[in-house]
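Following: one structure in structure tokens, then a few remarks.
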Amino acid sequence: MIVTTAQLFKHAYGKYAVGAYNINNAEQAMGLFKGCISSQAPFIIQISKGARKYTDKKMLEAIIRAADSIFPDAIFAVHLDHGDEETCYDCINSGFYSSVMIDASHETYAKNVEISKRVVEAAHKKGISVEAELGMLGGVEEDIKVEDGHATLTNPAEAQDFVQKTGADCLACAIGTSHGAYKFKGKQSLHFNVLKDIQQLMPGYPLVMHGSSSVPQDEVARINAAGGKLGSAVGVDVNEYLPAAKLGVTKINIDTDGRLVWTRVHREFFRDKPTEFDFRPPGKIFIEEYAKFIASRNVLLGSANQLADLKQSLGK
Ligand code: G3H
Ligand code: 13P
Ligand code: ZN
């Protein structure tokens, strides 16, 4: 069942975070639904602009609709990840997405407010939730690269003003993470003080953490042992997910870790079976491994075993 992110956040706030997982193809969709059903967790499917272009946006929509009918107990939101204004309108008008992210965080503050407000007005007319972003994460998104020194943490007072002016349903804050596998050079830690200050100014308001992959070191080691050449990649400490959730983070974005599972499975498979060229056997292994990974993340986020209670609170 597709619901909005606002509905999910109402149930989660202050207790747990909903995992927001990016998908690009049928194998990822199968693994994601399987993992969320086995752990009895609500979830958010994230679709990036790159994912919409990978095969075709209609292909992804069909895959998700099919998964919804294969797993009728699943409760999830369909969300555009890092949208520009034009893509947001395309998703809002599609009748399929229940949530969009307008990412104008690279614009000036005034322009970010102006663009985000326009998207909120269009989305709310159709009952669709909106995530906006304030502050700049480091790392690389599809077509925007933020150099380390230019990443800026979200200013709590500005966040309050931004939310009042735009009416966004939730806000992606920069609290020290970045996208991709290489997040921290020194000590890995989130800036909990930023979250605390925002929560004090806006109690009950849902926040979003991007760049939340943990980059498991055993995964990196296995990839490198099977021919990969990943450098010293470091991610978010998984023990910081729940403390962040208690401070109002209701959506935790994880994409890179899923890519690492895919790379490990496929590198090991073809290393061990060099004469093999049927892609289905490793594809099947990936679905199972990804499902296990997702279930393990849902436990760490506190979203595991929330499905029955959520269903009741939605009156379903
Ligand atoms: O934040 C970016 C997400 O990890 C999506 O990545 O744009 O390569 O699909 P992508
Ligand atoms: P990771 O690169 O840490 O998985 O972050 C994903 C993300 O923030 C998607 O919006
Ligand atoms: Zn992101």
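Before moving on, here are some points about what is shown:
- Geometric descriptor of segment 148-278, per residue, is 133 Å³ (volume of the convex hull of the Cα atoms).
- Using the Cβ-Cβ distance between Asn305 and Lys196 with R0 set to 30 Å, the FRET efficiency works out to roughly 0.65.
- GNM result for the chain, Cα springs below 10 Å: residue of Gly231, Gly211, Gly19 fluctuating most strongly: Gly231
- Rounded percent of accessible protein surface that carbon and sulfur make up, the chain, 1.4 Å probe: 54
- Remark on Ser99: its backbone amide H falls under 5 Å from those of Val78, Leu80, Ser129, a criterion applied only to residues 5 or more positions apart or on other chains, H modelled at 1.01 Å from N.
- Remark: the chain is approximated by an ellipsoid whose semi-axes, taken from the C-alpha gyration tensor as √(5λ), come to 29, 23, 19 Å, largest first.
- Derived scalar couplings between HN and Hα for segment 263-272 equal 5, 4, 4, 6, 4, 5, 4, 6, 5, 7 Hz in order, rounded to whole Hz, by the Karplus curve 6.51 cos²θ - 1.76 cosθ + 1.60 (θ = phi - 60°), x for Gly and Pro.
- For the residues Arg264, Arg280, Arg259, a 1.4 Å probe over the protein chains yields an accessible-area ranking, largest first, of Arg280, Arg259, Arg264.
- Phi-derived couplings, Karplus 6.51 cos²θ - 1.76 cosθ + 1.60 at θ = phi - 60°, listed residue by residue for segment 72-86: x, 8, 5, 10, 8, 10, 10, 10, 7, 9, 6, x, 8, 4, 5 Hz, with x used for Gly and Pro.
- Neighbourhood net charge (14 Å Cβ-Cβ; Lys/Arg +1, Asp/Glu -1) for Cys170: -3
- Residues Asp56, Asp161, Asp103 ordered from highest to lowest accessible area at a 1.4 Å probe: Asp56, Asp161, Asp103.
- Counting heavy atoms of the protein chains alone, Asp272 has an accessible area of about 100 Å² for a 1.4 Å probe.
- 3J(HN,Hα) couplings calculated from phi for segment 202-208 with the Karplus curve 6.51 cos²θ - 1.76 cosθ + 1.60 (θ = phi - 60°) are, in sequence order, 9, x, x, 8, x, 10, 10 Hz; Gly and Pro show x.
- Largest to smallest accessible area among Lys292, Lys273, Lys10 [probe 1.4 Å]: Lys10, Lys292, Lys273
- Near the amide H of Lys251, within less than 5 Å, lie the amide hydrogens of Val18, Leu207, Met209, all on another chain or at least 5 residues away, with H placed in the peptide plane.
- Choice from Leu230, Leu171, Leu242 with maximal GNM fluctuation in the chain (Cα, 10 Å cutoff): Leu230
- Springs between Cα atoms under 10 Å define the GNM used for the chain, and in it the highest mean-square fluctuation of Thr166, Thr152, Thr275 occurs at Thr275.
- The alpha-carbon atoms of segment 190-244 define a convex hull whose volume equals 81 cubic angstrom per residue.
The values are calculated or read from the model by the stated rules, or taken from the named source; none is laboratory data. Treat the numbers as computed from the prediction; the structure is a model and nothing was measured. As a convention, Cβ positions derive from the backbone with ideal geometry for all residues, glycine included, and neighbour counts pool all protein chains shown. Remember, those area values only see protein heavy atoms, side chains included, never the ligands or the DNA or RNA. Shrake-Rupley method; radii C 1.70, N 1.55, O 1.52, S 1.80 Å.
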